[in-house]
């Protein structure tokens with residue numbers, strides 16, 4: 001794949017190796033509509049590449065049907081891709097078994113939108129937090145009890161919470177417990193799927209602060225999957241924008257937000273309702289809706305809604321083009337503009 | 001402009017096993033004809049309960065006090081039959097989940113047409129024609145072909161458009177929209193916000209928009225009321241609320257919004273929790289979390305004119321003190 005460099009900024013190879021590398025990832029699901037024929041599949045993720053480095057927050061942003069949650073599930077190995085690889089610490093995750101898999105599960109922990117979707121409502125909080133420690137047989141019983149107290153403190157909850165039950169907690173407290181449980185086995189990567197989208201603004205701020213603090217203090221890498229662009233802009237170092245199973249643009253967060261190159265990213269940013277009444281109303285950037293992932297458009301998947309689409313977009317799938325340090329986008333029109341300006 | 005809707009001292013309580021939940025407490029406000037008024041607050045602040053009370057849609061376990069005037073009518077004084085006539089005709093409602101209002105098995109066009117025939121003496125044919133026009137109006141492509149589709153054939157955004165068409169069927173003077181775009185993707189949300197703006201411009205429909213999303217409020221509302229734990233704490237123009245918030249809760253809420261300007265980890269948070277509404281603090285309900293709380297806050301601060309169109313209920317405000325006839329707040333005690 002050829003890449004066009006942007007002026008004199010040529011991306012240096014980033015130091016160190018990534019903690020997680022996703023290569024050519026493809027995940028399809030059979031549809032439940034039998035009458036369409038048995039070969040109809042949902043193209044949830046259709047050839048995705050990205051890397052996360054230690055201590056980095058990478059946000060994956062997109063609307064419903066973009067495949068971002070499926071991507072998160074593949075990264076957690078909650079589901080296996082039909083093609084491509086997920087490489088953690090230079091090892092192919094899809095091939096892991098036994099102790100290798102157990103070690104992966106310990107080092108890569110999930111945080112979900114509703115933390116208690118995966119927790120027994122009858123258990124006391126302490127037991128839920130130490131569940132993974134028990135499962136991985138980490139420490140003695142009293143070590144684990146101590147660790148629970150330490151973790152509660154770490155996420156800003158009183159030790160007495162260990163004795164409480166889920167229904168006694170508010171939404172924000174539950175998410176803190178979800179985060180404490182994720183931290184229990186000392187992971188190096190957290191995969192957080194919409195971790196704050198069910199929370200009120202004031203509680204969301206607390207949880208975002210907590211995640212930022214943990215990331216900094218513990219040097220955690222976070223794959224942060226979200227639909228809320230202001231949250232993503234606030235918390236992430238790099239952003240990847242997904243549309244219909246593909247990453248269309250990726251780069252340092254401030255670059256992507258200040259100088260978006262893909263028309264979809266531009267439309268998405270234009271659609272943010274800014275909490276500023278004096279900002280002129282941009283109006284809807286896009287007409288129509290995301291096409292069905294069962295039969296995505298040929299060429300560029302965004303072309304059916306793209307305001308600048310050209311003929312070529314229907315036939316050729318655009319390649320990723322480099323627009324600046326670590327900033328890439330897959331768009332024929334943006335690439336042509338770049339080539340013109342480079343001449 | 002004249003008032004279309006005027007609430008005076010509205011209280012709503014719910015009887016529960018744990019006692020009476022005071023969901024809305026002493027709310028007074030007016031909504032002017034042709035404006036988009038935002039009612040904003042976090043979960044449990046009473047914004048939806050207030051809207052349900054306006055529509056006479058609260059369950060039997062609710063006790064309601066105060067008065068609501070809609071045009072010339074006293075809403076709480078209407079018979080159930082008159083109230084039913086008012087709903088769907090002069091007042092209509094849009095909910096967050098379009099499936100709350102749509103019958104899952106029934107063609108979308110017929111659902112719009114039925115709203116018309118329920119309130120208007122028109123032929124089936126005329127109702128169909130009008131329904132088609134409405135569906136086209138709210139941006140359903142190929143409305144004729146879509147007319148017989150059941151809701152499940154439509155995307156979330158399209159369903160919400162059908163709900164909006166139904167809400168507009170009888171050209172109501174007031175539309176109550178409860179989180180109408182919360183379940184939608186951001187690019188679809190901006191289409192629906194455009195649609196609501198356009199309807200207001202063309203039909204001069206008054207819209208009360210209930211939302212937790214301050215971005216949506218900033219983009220579409222003319223005036224805003226901020227609610228906290230059942231109390232209305234501040235009312236003003238949208239510009240004033242964002243530029244010059246007076247109530248400590250409004251200030252804290254705006255400061256908690258994530259933005260690129262704040263370093264990660266440094267968002268302002270509001271300490272403590274929303275009070276238990278079976279036993280709310282006397283006086284200002286934000287006082288238990290307010291950084292400026294004083295003894296006087298144990299007395300309910302009246303909502304008072306800070307400036308012409310900016311109302312605030314806070315003892316820090318001279319206007320509130322003057323409205324209470326208590327120029328020296330230090331002299332007031334803790335009586336509720």
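Applying 0.36 nm per residue to the separation of residue A:213 and residue A:134 and subtracting their alpha-carbon distance, the gain on full extension is 25.8 nm. FRET efficiency for the pair residue A:343 and residue A:101, taken as 1/(1 + (r/R0)^6) with r the Cβ-Cβ distance and R0 = 51 Å, rounds to 0.50.
Across the range B:97-171, Cα pairs under 8 Å and at least six residues apart give a relative contact order of 45 percent. Does the range A:55-180 come out rounded, prolate or oblate by the C-alpha gyration tensor, with a ≥ b ≥ c the root eigenvalues, rounded set by a/c under 1.5 and, if not, prolate when a/b is larger than b/c and oblate if not? Oblate, since a/c reaches 1.5 and b/c is not below a/b. Taking R0 as 35 Å, what's the FRET efficiency between residue B:278 and residue B:244 from their Cβ-Cβ distance, rounded to 0.05? After rounding, the FRET efficiency stands at 0.50. Among A:237, A:28, A:167, the residue with the largest mean-square fluctuation in a Gaussian network model of chain A, with springs joining Cα atoms closer than 10 Å, is A:167. Considering only B:67, B:173, B:259, give the residue with the highest GNM mean-square fluctuation for chain B, with springs between Cα atoms whenever their separation is below 10 Å. Among B:67, B:173, B:259, the largest GNM mean-square fluctuation belongs to B:259. Quickly work out the residue B:125-to-residue B:97 label distance, labels modelled 7 Å from Cα along the C-beta direction, and quote it in nm with one decimal. Here the modelled spin labels are 4.0 nm apart.
Calculated translational diffusion coefficient of chain A (10 °C, 1.306 mPa s; Stokes-Einstein with Kirkwood radius over alpha-carbon pairs) equals 74 µm²/s.
Determine, for B:197, B:146, the number of other Cβ atoms within 10 Å of each Cβ, and report the residues in order from fewest to most. Listing B:197, B:146 from fewest to most nearby Cβ atoms yields B:197, B:146.
By the helix-only formula, in which each DSSP H run with n ≥ 4 contributes -39500 (n - 2.57) and the sum is divided by residues, the protein assembly as shown has a 222 nm mean residue ellipticity of -9000 deg cm²/dmol. Highest mobility in the GNM of chain A, judged by mean-square fluctuation with C-alpha springs under 10 Å and restricted to A:42, A:177, A:256, is found for A:42. Take the Cα of residue B:133, step 7 Å toward its Cβ, do the same at residue B:43, and the gap between the two points is 4.3 nm. Within 10 Å of the Cβ of each residue in A:195-202, the mean number of Cβ atoms contributed by other protein chains is 5. With a Förster radius of 51 Å applied to the beta-carbon distance between residue B:148 and residue A:78, the computed FRET efficiency rounds to 0.80.
Throughout, read-outs are computed from the coordinates displayed, never taken from laboratory work. All figures in this text were calculated on a predicted structure; none of them were measured in a lab. Neighbour counts run over all protein chains shown; Cβ positions are idealised from the backbone, glycine included.
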